[in-house]
1. Taking Val385, is it among the β-branched types (Val, Ile, Thr), modelled with pLDDT of 90 or more and either open to solvent by less than 40 Å² (accessible area, probe 1.4 Å) or part of a helix (DSSP H, G or I) (or both)?
2. Which ones in the stretch 106-126 are part of a helix (DSSP H, G or I) and either open to solvent by 10 Å² or more (accessible area, probe 1.4 Å) or under 20 Å from Leu351 (Cα atoms) (or both)?
3. Test of understanding: among Tyr163, Tyr189, which residue is within 23 Å of Ile293 (Cα to Cα) and among the aromatic types (Phe, Trp, Tyr)?
4. Ala446 versus (1) farther than 29 Å from Tyr163 by Cα; (2) of a type outside the set (Val, Ile, Thr); (3) modelled with pLDDT of 80 or more: which is the lone unmet condition?
5. Does the stretch 79-102 hold any residues that are of a type in the set (A, V, I, L, M, F, W, C) and open to solvent by less than 20 Å² (accessible area, probe 1.4 Å), and which are they?
6. For the stretch 354-382, which positions are of a type in the set (Ser, Thr, Tyr) and buried (at least 18 other Cβ atoms within 10 Å of the Cβ)?
7. Looking at the stretch 259-307, which of its residues are closer than 30 Å to Val84 by Cβ, crowded, with 24+ Cβ neighbours inside 10 Å and more than 15 Å from the chain's Cα centre (by Cα)?
8. So which residues in the stretch 417-438 are buried (at least 21 other Cβ atoms within 10 Å of the Cβ) and hydrophobic (A, V, I, L, M, F, W, C), if there are any at all?
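The values are calculated or read from the model by the stated rules, or taken from the named source; none is laboratory data. Quick caveat: nothing in here was measured; it's all calculated off a predicted structure. Reconstructed Cβ throughout: ideal geometry from the backbone, glycine too, with neighbour counts over all protein chains shown. Accessible surface is based on the protein model in full, side chains and every heavy atom, while ligands, DNA and RNA are left aside. Shrake-Rupley method; radii C 1.70, N 1.55, O 1.52, S 1.80 Å.
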Amino acid sequence: MRKNKDIDLNLDDFTSTTIFATKEVRIPNDNDESIDSNEDYNPFEHRVIEHPTSTMGSLIHILKGSLGTGILAMPYAFKHAGLVLGSIATIVIGILCTHCIHLLVSVSHELCRKLKVPSLSLAETCEAAFDNGPKRLVKYSGLVKTLADIFLVITHSMGVCVYIVFIAESTQQLVKHWYPEFEMDTRIYSVITMIPLLLSMQIRQLKYLVPFSLIANVCLVIGFGITLYYIFEETPDVSKVSLFESLERFPTFLSTIIFAMEGVGVIMPVENTMRQPQRLVDWFGVLNVAMGIVVVLYSITGFFGFIRYGSETEASITLNLPVSEGLAQSVKVLVVLAVFFTYNLQAYVALDVIWRRILSPRVQGSLKVNVTQIILRCLFVAITVLIAVAVRHLDAIITLFGAVCLSTLGILLPAVIDTVLHYKELGFLKWRLFKNIFLCVFSLTALISGSATGIRSLLA
């Protein structure tokens, strides 16, 4: 009989995820006859959420989690794949990313019913999957949970570092145009950005970040619309760009597009706070609608942006816009605001893990909790700014970040836990196993090739 195990599900108010009483959760063995049927247990009916998020609010959060600076890097991605290969690969990778998120959420819901608990975080889902998988893998459940949390922290910490570099470079470009005689390094702009971030980061509830996500989405959509105006200002001429690039450049495309699309870290916190979580994974649910919008917008931006600027395409297409024109300046301002208001949402996941795994068990009392929260958030902002100051190459960060973090967290991990949990139910001719093996190989290919490319760019 497998021993009882405590699942760390009791989150503090700050997390804004499901709140329920701490209790010992028995991890059932597949051969344990004492376990009652879980068919009658509906985890959604047992959730007591202090600050629930509406379906529309959840859609906004997921859109914001996947629709950020990545869309501005799509023409740069197409530059490294070619027009035809880039178009096909964007759609295929979009489908794969969406499928992997479905795997993660489905496994989480299945385990919630099996364990009779209202909700599980991403790391808890990974742990429970191994606990309910083959007996020889049970001993690795704690390690898998820790690795999942580590990758979440790294992923979202590096993601916001990209945001800071982007804000600094865009702001410098604007200031240099408005005041030609004024010279200041991008690192100084990064440090200045820290001041307003320190203030905005004191908002702790995910529900109260919905207006931030809404403002960011509005700014991004308007900026995106104006960017499209510049893209279509000239008649597209496909003959000026390559249709297929060499395979040596494809890893950069792969890492960039995974960075652009993958918002897996936001999914479980959003799902755990939804008023109607069953609407997340319906055929026309929040996830499919959000990812459908993302794939369409990314394809359009990458396709026509690459045609417009060709080999001159920058890591962010806004850097290609004519800074001397007021309309182009407004795009840069809008996108900077969009990225600024997205920082808090991306940082939320990393801070949630740090607080839940390290600080929450050691800090008691409302005063100590508030003081610790303030210090934690200030330190997080300061550290991410320091990293952005140390590494200033936006394209290299995007490539390395997409390859190492998001390919592992967004594709490899869901495929592995789905296989482990369903090792006895692999389907006709073991189709589930072969499908997940393909996802793992794809993820590892992106990891190895993208990491090598990113490291070379950073050292160049």
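1. Criteria met by Val385.
2. If we filter the stretch 106-126 for residues that are part of a helix (DSSP H, G or I), which is where we start, we get 106-115, 122-126.
Result: Ser106, His109, Glu110, Arg113, Lys114, Leu115, Leu122, Ala123, Glu124, Thr125, Cys126.
3. Result of the check over Tyr163, Tyr189: Tyr163.
4. (1)
5. Ala81, Leu83, Ala89, Ile93, Cys97, Cys100, Ile101
6. Ser360
7. Correct list: Tyr298, Thr301, Gly302, Gly305, Phe306.
8. Ile417, Val420, Leu421
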